[in-house]
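*Asks:* The structure under discussion is supplied below as structure tokens; questions concerning it will follow.
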Amino acid sequence: MDVGQLKAFLAVAQELHFGRAAQRLHIAQPPLSRIIKQLETELGARLLDRNTRSVKLTPSGQALVSPAAEVIDALRRAEEAVRSVENGEAGLVRIAFAGVSTHPLVAELARRVRSKRPGIQLELSSQNFALPAMKKLIQGETDIVLGRWDAIPANVSSRVVMQDSLVMAMPNTHQLAAERRVAMGRFAGDSFISLPPFEGAVLPDRLRRMALNAGFVADIVQVAPDTQTALALVSAEVGCHLTLASVALHATDPHVVFVPIEDSTDNVDLRAAWRRDDTSAALKAVLNEAIGLDAAVSG
């Protein structure tokens, strides 16, 4: 028994007329009769009572109508599912993101995808740092990563999804808290809170290099496991913390002030990265939805 036989049977069962059923199927009547006879032979049961005047379903034929319709409907839904995936209207896209500054952007991206592409399912995973997220991408454990890297592997494509810059977080009692912009050299006598100096960690690297360029070595008095902890330590007046303007945008502690760094030229833009050989239409659809996210989040 195959799908063609079931479609032929359902056409006859619904029309109760071989001529009309044949027209509906765009075939001649004799081939249709042979298809029905072959189906009856395979099932070992008579499905239709027919004579020169009428066609009627037998009890066996009546029993087959519903299962046959379910098979045809399942086939239709399977075809639609495949087309949806091919058109980028459905599928699973795994996104790994690093850093607290990515959270509002990821939330807006999820809102857009759910609104415009409800057939696409997002699987989200948060990483403390960008390098482990990149490793997950290379190993095929995720499809898109959001983070900041100084170097992108050759087999990975990327693009900027949010422009960013460096600011210094300091207690509101700090002598420079009222400044509009501050040169790095003016922090020469300050204590600093740093994120862990893991391989590929952008902010600890920027703190070290910018301090050296300004003529001093950063006095790191505390290493914080994440940005939230670092800002809590700033609020407690433990020291200053070099962070991102996007972090400052969503900070709420009134005891912490963020001042842009005057002589910062290093690129700290947030990027989306994906494997070059990934041809998923759903992936491309999600990447398209990521365009202009920074304006939506900051606005």
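The values are calculated or read from the model by the stated rules, or taken from the named source; none is laboratory data. None of these values were measured; they are calculated from a predicted model. We place every Cβ from the backbone using ideal geometry, glycine too, and count neighbours over all the protein chains shown. Side chains are part of the model used for accessible areas, which takes the heavy atoms of the whole protein and leaves out ligands, DNA and RNA. Shrake-Rupley method; radii C 1.70, N 1.55, O 1.52, S 1.80 Å.
*Asks:* Is region 172-180 home to any residue that is open to solvent by 30 Å² or more (accessible area, probe 1.4 Å) and farther than 24 Å from V238 by Cβ? Let's see the steps before the verdict.
*Replies:* Of all residues in region 172-180, those open to solvent by 30 Å² or more (accessible area, probe 1.4 Å) come to 172-175, 178-180.
Still in the running and farther than 24 Å from V238 by Cβ: 180.
The answer is yes; a qualifying residue exists.
*Asks:* Right, something else. Filter region 262-278 down to the residues that are closer than 16 Å to T243 by Cβ and not acidic (D, E), then identify the one that is modelled with the lowest pLDDT.
*Replies:* By that ranking, first place goes to S264.
*Asks:* Are there any pairs with C-beta distances below 7 angstrom linking a residue in region 209-233 that is free of Cβ contacts under 8 Å to residues at least 60 places away in the same chain to a residue that is open to solvent by 70 Å² or more (accessible area, probe 1.4 Å), with the two at least 6 apart or on different chains, and if so which?
*Replies:* A211/V217; A218/R208; L233/Q222
*Asks:* Name the single residue, out of those in region 2-14 being closer than 17 Å to Q62 by Cα, in contact (Cβ under 8 Å) with a residue 24 or more places away in the chain and of a type outside the set (G, A, S), that is most open to solvent (accessible area, probe 1.4 Å). Working first, answer last.
*Replies:* Let us first name the residues in region 2-14 that are closer than 17 Å to Q62 by Cα, namely 5-14.
If we keep only those that are in contact (Cβ under 8 Å) with a residue 24 or more places away in the chain too, we end up with 5-10, 12-13.
Then drop every residue that is not of a type outside the set (G, A, S), which leaves 5-7, 9-10, 12.
Values: Q5: 10, L6: 12, K7: 95, F9: 0, L10: 17, V12: 0 Å².
This residue is K7.
*Asks:* Considering only region 185-205, how many residues are farther than 24 Å from T252 by Cα and open to solvent by less than 70 Å² (accessible area, probe 1.4 Å)? Step through it out loud before you land on a result.
*Replies:* At the first step, the residues of region 185-205 found to be farther than 24 Å from T252 by Cα are 185-186, 188-189, 197-201, 205.
Now narrow it down to the ones that are open to solvent by less than 70 Å² (accessible area, probe 1.4 Å): 185, 188, 200-201, 205.
Total satisfying the criteria: 5.
*Asks:* Let me ask something additional. Is at least one residue of region 32-49 touching an Asp or Glu at 6+ places or on another chain (Cβ under 7 Å) and charged (D, E, K, R)? Spell out how you get there, then give the answer.
*Replies:* In the first step, residues of region 32-49 are kept if they are touching an Asp or Glu at 6+ places or on another chain (Cβ under 7 Å); the result is 46-47.
Still in the list and also charged (D, E, K, R): 46.
The answer is yes; a qualifying residue exists.
*Asks:* How about region 103-153: which of its residues are among the basic types (K, R) and either surrounded by fewer than 17 Cβ atoms within 10 Å (Cβ to Cβ) or at pLDDT 90 or above (or both)?
*Replies:* Step one: of region 103-153, the residues among the basic types (K, R) are 111-112, 114, 116-117, 135-136, 148.
Within region 103-153, R111, R112, R114, K116, K135, K136, R148 meet the criteria.
*Asks:* Do any strands (runs of 3 or more DSSP E) lying entirely in region 16-98 carry at least 2 residues that are closer than 30 Å to V161 by Cα and open to solvent by 50 Å² or more (accessible area, probe 1.4 Å), and which ones are they?
*Replies:* Values: elements: 48-50, 55-57, 91-98.
Per the criteria, 91-98.
*Asks:* Among the residues of region 234-247, how many are in contact with a Gly (Cβ under 9 Å, 6 or more places away or on another chain) and surrounded by fewer than 20 Cβ atoms within 10 Å (Cβ to Cβ)?
*Replies:* The qualifying residues number 0.
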